[in-house]
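Engineer: First, the structure itself, so that you have it in front of you.
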Amino acid sequence: MNLNQINNFITEQFSYYEFKEELSRPLLVTTDETYKKNVQNKILYIGQETNGWGSHRMEFDDIEEERNYIERVYYNFLYKKNATGKDFWRFIKNTIEIEETEIKNNVIWSNAFIAGKKDDKGITEYNHEISEISIKYLTFLYEYFEPRATIIVSGPKSPYLENINIFLENIGKKIEKPNIKEPLRYDEDVYWTYHPTFLNKKNMSKEVSEKIKKLIR
């Protein structure tokens, strides 16, 4: 299965959900050839969930047209907006020492849950229904892109914890969940820590970022 095929598969699966209008659009990595060729350092960066992603006002004639729209949202976010200045994006820029315009060339972005709430923040009440497809997508991205490093910033809180643990098991990694005393856990090229907003609140962001930076080097 290639990236086009799995993105079609996920778009189709979402079209079957009775509750799809209450979710954001799924976070699908763009299949644009420029993006795939220019992902130089291949850092797979995994957050929590994406809220308010994509518009529900759009209507489509078929699954492929819908998938292309969702992929364009991803492409435009990285290429035209250069992501955002939020804690999440500042953390990865500082950790791998890149400018905001270089995110598109260095980061493959995904989340523990492939979708969040449509008009609000936080985990959707349908997290159990989309867990399997979320884990499937993370596992695919890891195997497809073969990133030189994977950085998970989702913390040890349920229900994110369960998805991350299964993902780690799928890719053959054994990592204990992070805690306040040890906010960074890792196994070879996979690093797991808290969400950057939490790290900032605890004044741990710089310390964790610097440690990952040294380990990746």
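Engineer: Just for segment 45-63: of the residues that are of a type in the set (Phe, Trp, Tyr) and touching a residue at least 24 places away in the same chain (Cβ under 8 Å), which one is farthest from Glu162 (Cα to Cα)?
Structural biologist: Kept after step one, since they are of a type in the set (Phe, Trp, Tyr), are these residues of segment 45-63: 45, 53, 60.
Now restrict to residues that are touching a residue at least 24 places away in the same chain (Cβ under 8 Å): 45, 53.
Numbers: Tyr45: 18, Trp53: 23 Å.
Top of the filtered list is Trp53.
Engineer: Give me the residue from segment 80-105 that is outside any helix (DSSP H, G or I) and in contact with a strand residue (DSSP E or B) (Cβ under 9 Å, 6 or more places away or on another chain) and, out of that set, nearest to Lys206 (Cα to Cα). I'd like the intermediate steps shown before the answer.
Structural biologist: So in segment 80-105, the residues outside any helix (DSSP H, G or I) come out as 80-86, 96-99.
Still in the list and also in contact with a strand residue (DSSP E or B) (Cβ under 9 Å, 6 or more places away or on another chain): 83, 96, 98.
Details: Ala83: 20, Ile96: 12, Ile98: 15 Å.
Among those residues, the one meeting the criterion is Ile96.
Engineer: Does at least one position in segment 70-78 carry a residue that is surrounded by 17 or more Cβ atoms within 10 Å (Cβ to Cβ), acidic (Asp, Glu) and outside any strand (DSSP E or B)?
Structural biologist: Yes, the conditions are met somewhere in segment 70-78.
Engineer: What is the number of the single condition among (1) buried (at least 19 other Cβ atoms within 10 Å of the Cβ); (2) closer than 19 Å to Ile152 by Cα; (3) in contact (Cβ under 8 Å) with a residue 12 or more places away in the chain that Glu66 does not meet?
Structural biologist: Among (1) buried (at least 19 other Cβ atoms within 10 Å of the Cβ); (2) closer than 19 Å to Ile152 by Cα; (3) in contact (Cβ under 8 Å) with a residue 12 or more places away in the chain, Glu66 violates only (2).
Engineer: Val153 versus (1) crowded, with 16+ Cβ neighbours inside 10 Å; (2) in contact (Cβ under 8 Å) with a residue 12 or more places away in the chain; (3) in contact with an Asp or Glu (Cβ under 8 Å, 6 or more places away or on another chain): which is the lone unmet condition?
Structural biologist: (3)
Conditions (1) touching a helix residue (DSSP H, G or I) at 6+ places or on another chain (Cβ under 6 Å); (2) closer than 23 Å to Glu33 by Cβ, marked per residue:
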| position | (1), (2) |
| --- | --- |
| Phe77 | no, yes |
| Ile92 | no, no |
| Ile98 | yes, yes |
| Gly122 | no, no |
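Engineer: Just give me the residues in segment 51-69 being of a type outside the set (Lys, Arg) and in a loop (DSSP other than H, G, I, E, B), in sequence order.
Structural biologist: Step one: of segment 51-69, the residues of a type outside the set (Lys, Arg) are 51-56, 58-66, 68-69.
Once the filter is applied, which keeps residues that are of a type outside the set (Lys, Arg) and in a loop (DSSP other than H, G, I, E, B), segment 51-69 yields Asn51, Gly52, Trp53, Gly54, Ser55, His56, Met58, Glu59, Phe60, Asp61, Asp62.
Engineer: Taking segment 42-71 only, how many residues are of a type outside the set (Phe, Trp, Tyr) and under 16 Å from the mean Cα position of the chain (by Cα)? Steps first, please.
Structural biologist: Let us first name the residues in segment 42-71 that are of a type outside the set (Phe, Trp, Tyr), namely 42-44, 46-52, 54-59, 61-68, 70-71.
Add one more test, that the residue is under 16 Å from the mean Cα position of the chain (by Cα), and what stays is 42-44, 46-52, 54, 70-71.
The total comes to 13.
Engineer: Determine the pairs where a residue that is under 19 Å from Asn203 (Cα atoms), located within segment 171-193, has a partner that is part of a loop (DSSP other than H, G, I, E, B) and among the β-branched types (Val, Ile, Thr) with Cβ atoms under 6 Å apart, the partner being 6 or more residues away or on another chain.
Structural biologist: Sorted first by the residue in segment 171-193, then by its partner, the pairs are Arg185/Ile175; Trp192/Ile175.
Engineer: In segment 18-41, what count of residues is obtained for those that are basic (Lys, Arg) and either modelled with pLDDT of 95 or more or crowded, with 22+ Cβ neighbours inside 10 Å (or both)? Can you show your working first?
Structural biologist: Initial filter on segment 18-41 (basic (Lys, Arg)): 20, 25, 36-37.
Add one more test, that the residue is either modelled with pLDDT of 95 or more or crowded, with 22+ Cβ neighbours inside 10 Å (or both), and what stays is 25.
Result for segment 18-41: 1.
Engineer: Take the residues in segment 158-173 that are in contact with a helix residue (DSSP H, G or I) (Cβ under 9 Å, 6 or more places away or on another chain) and charged (D, E, K, R), then tell me which one is farthest from Ile43 (Cα to Cα).
Structural biologist: Glu162
Engineer: Kindly list, by first and then second residue, each pair from a residue in segment 82-106 that is touching a residue at least 24 places away in the same chain (Cβ under 8 Å) to a residue that is among the charged types (D, E, K, R) and surrounded by 17 or more Cβ atoms within 10 Å (Cβ to Cβ), limited to pairs with Cβ atoms under 8 Å and residues at least 6 apart or on different chains.
Structural biologist: Close Cβ pairs satisfying both conditions: Ile103/Lys93.
Engineer: Still on this structure, please answer the following. Those residues that are among the β-branched types (Val, Ile, Thr) and touching a strand residue (DSSP E or B) at 6+ places or on another chain (Cβ under 6 Å), I need them from segment 165-217; list them, please. Explain how you work it out, then say what you get.
Structural biologist: To start, the set of residues in segment 165-217 that are among the β-branched types (Val, Ile, Thr) comprises 166, 171, 175, 180, 190, 193, 197, 208, 212, 216.
Matches in segment 165-217: Ile175, Val190, Thr193, Val208, Ile212, Ile216.
The values are calculated or read from the model by the stated rules, or taken from the named source; none is laboratory data. Since this is a predicted model, take the numbers as computed values, not measurements. All Cβ positions, even for glycine, are placed from backbone atoms using ideal geometry, and neighbour counts span all protein chains on display.
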